[in-house]
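The values are calculated or read from the model by the stated rules, or taken from the named source; none is laboratory data. Quantities reported herein were computed from a predicted structural model and do not represent experimental measurements. Here the Cβ positions follow ideal geometry from the backbone for every residue, glycine too, while neighbour counts run over all protein chains shown. Surface accessibility is based on the protein's heavy atoms, side chains included, excluding ligands, DNA and RNA. Shrake-Rupley method; radii C 1.70, N 1.55, O 1.52, S 1.80 Å.
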Amino acid sequence: MASAPITHSHIDTNTSTSSEIPTTHHTHQFDLKRVRDAFVNCIQPDNRLFLNEYIRAYEELCIFVCSLGPVFEWAIKDLNNKLIILKEYQHIDPINYESIQSMIDYEVKIERIKTRETTIHTKSGKILPNGCRTLLRLHRALAFISSFLSEMRTASDDASSASIAWNAYSSTLGNFHSWPVRQTIHAAIRLTVPNRHILINKLLNKRSYEEIDSLAFEIVQSCNKIESITQELYEKYHLTRLP
């Protein structure tokens, strides 16, 4: 049974919020297998999508993006903002925020999705945006990740990672950005994305090329399924254009 709607004006919690991004300290190296495991475990036999595994997969991806250099710090900060918000909701209300389905159903039912900002405050007084809007941004980024990994898998050794990244961005995230933003990102990708050989070596982490190819394939398959299920939910409730 779903818990009662949260009406607290103040939540006593020590968890950092979207405006309080902690310094990131990773206790392990990036391993593509951890990303694969999290995305695979996110999908349940009944097609429920466990939110904690979704978050875990993104946290592992953040470790990889960090390894690409300081120029990507803006992307990491943005992802961390959203992951922290979702983790905050899971801490406050683990029942209704157990899965992506339960979160969307709940926020639609109590009409939390009608306002960008909620009435929920953390201990430090920060206001939490609603979960559906937060997840929508991660959902859009997931399409980019899936497209990028898919193209990287099948590209030739001398292929340009920057071109692959730009094509993936243009067909996914670029659809939601203004022209100036797209041009800024285009310049950043062209000047900073490492070549395919460097990227593959960062993915290896003592694994063979065959293992990385297999893991990347499973990630793409899982991402595509997660993206499809999530997109259907957002379309069902008319939430695809949340501000």
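Considering each of 176, 144 in turn, give the residue that is under 24 Å from residue 60 (Cα atoms) and either exposed (fewer than 15 other Cβ atoms within 10 Å of the Cβ) or touching a Phe, Trp or Tyr at 6+ places or on another chain (Cβ under 8 Å) (or both).
Details: 176 fails: under 24 Å from residue 60 (Cα atoms).
Just a single option satisfies the conditions, and that option is 144.
Go through segment 72-120 and count every residue that is within 16 Å of the chain's Cα centre (by Cα), under 19 Å from residue 236 (Cβ atoms) and of a type in the set (Gly, Ala, Ser).
1
Of a type in the set (D, E, K, R), open to solvent by 40 Å² or more (accessible area, probe 1.4 Å) and at pLDDT below 85: is that true of residue 190 in this structure? So that I can check it myself, show each step before the final result.
On the way: of a type in the set (D, E, K, R): yes; open to solvent by 40 Å² or more (accessible area, probe 1.4 Å): yes; at pLDDT below 85: yes.
Yes, satisfied.
Go through segment 156-197 and count every residue that is farther than 17 Å from residue 146 by Cβ and aromatic (Phe, Trp, Tyr).
Residues in segment 156-197 being farther than 17 Å from residue 146 by Cβ and aromatic (Phe, Trp, Tyr): 1 in total.
Being in contact (Cβ under 8 Å) with a residue 60 or more places away in the chain and polar (S, T, N, Q) is the filter here, so list the residues in segment 147-162 that pass it. Outline the logic, then answer.
Residues of segment 147-162 that are in contact (Cβ under 8 Å) with a residue 60 or more places away in the chain, as a first pass: 149-150, 152-153.
Once the filter is applied, which keeps residues that are in contact (Cβ under 8 Å) with a residue 60 or more places away in the chain and polar (S, T, N, Q), segment 147-162 yields only 150.
So the check is Cβ under 6 Å with 6+ separation or different chains; which pairs have a first residue in segment 206-234 that's farther than 15 Å from residue 38 by Cβ and a second one that's open to solvent by 40 Å² or more (accessible area, probe 1.4 Å) and modelled with pLDDT of 95 or more?
Matching pairs, first to second residue: 229/47.
Going through segment 76-104 one residue at a time, which ones are over 16 Å from residue 128 (Cα atoms), in a helix (DSSP H, G or I) and in contact with a strand residue (DSSP E or B) (Cβ under 9 Å, 6 or more places away or on another chain)?
100, 101
Within segment 104-121, is there a residue that is crowded, with 19+ Cβ neighbours inside 10 Å and closer than 22 Å to residue 219 by Cβ?
Within segment 104-121, none of the residues are crowded, with 19+ Cβ neighbours inside 10 Å and closer than 22 Å to residue 219 by Cβ.
Go through segment 181-209 and give me each residue that's within 16 Å of residue 161 (Cβ to Cβ) and polar (S, T, N, Q).
192, 195, 201, listed by residue number.
I'm checking my understanding of the structure. Among residues of segment 104-156 that are closer than 30 Å to residue 213 by Cβ and out of contact with any helix residue (DSSP H, G or I) (no Cβ under 7 Å at 6 or more places or on another chain), which one is modelled with the highest pLDDT?
Step one: of segment 104-156, the residues closer than 30 Å to residue 213 by Cβ are 135, 137-156.
Narrowing the set further to residues that are out of contact with any helix residue (DSSP H, G or I) (no Cβ under 7 Å at 6 or more places or on another chain) leaves 154, 156.
Values: 154: 86, 156: 82.
For segment 104-156, the residue satisfying everything is 154.
Pick from 54, 58: which is under 19 Å from the mean Cα position of the chain (by Cα), open to solvent by less than 40 Å² (accessible area, probe 1.4 Å) and modelled with pLDDT of 95 or more? Write out each step before concluding.
On the way: 58 fails: modelled with pLDDT of 95 or more.
Matching residue, one of 54, 58: 54.
Check whether at least one residue in segment 212-228 is over 30 Å from residue 109 (Cα atoms) and open to solvent by 70 Å² or more (accessible area, probe 1.4 Å), and report yes or no.
yes
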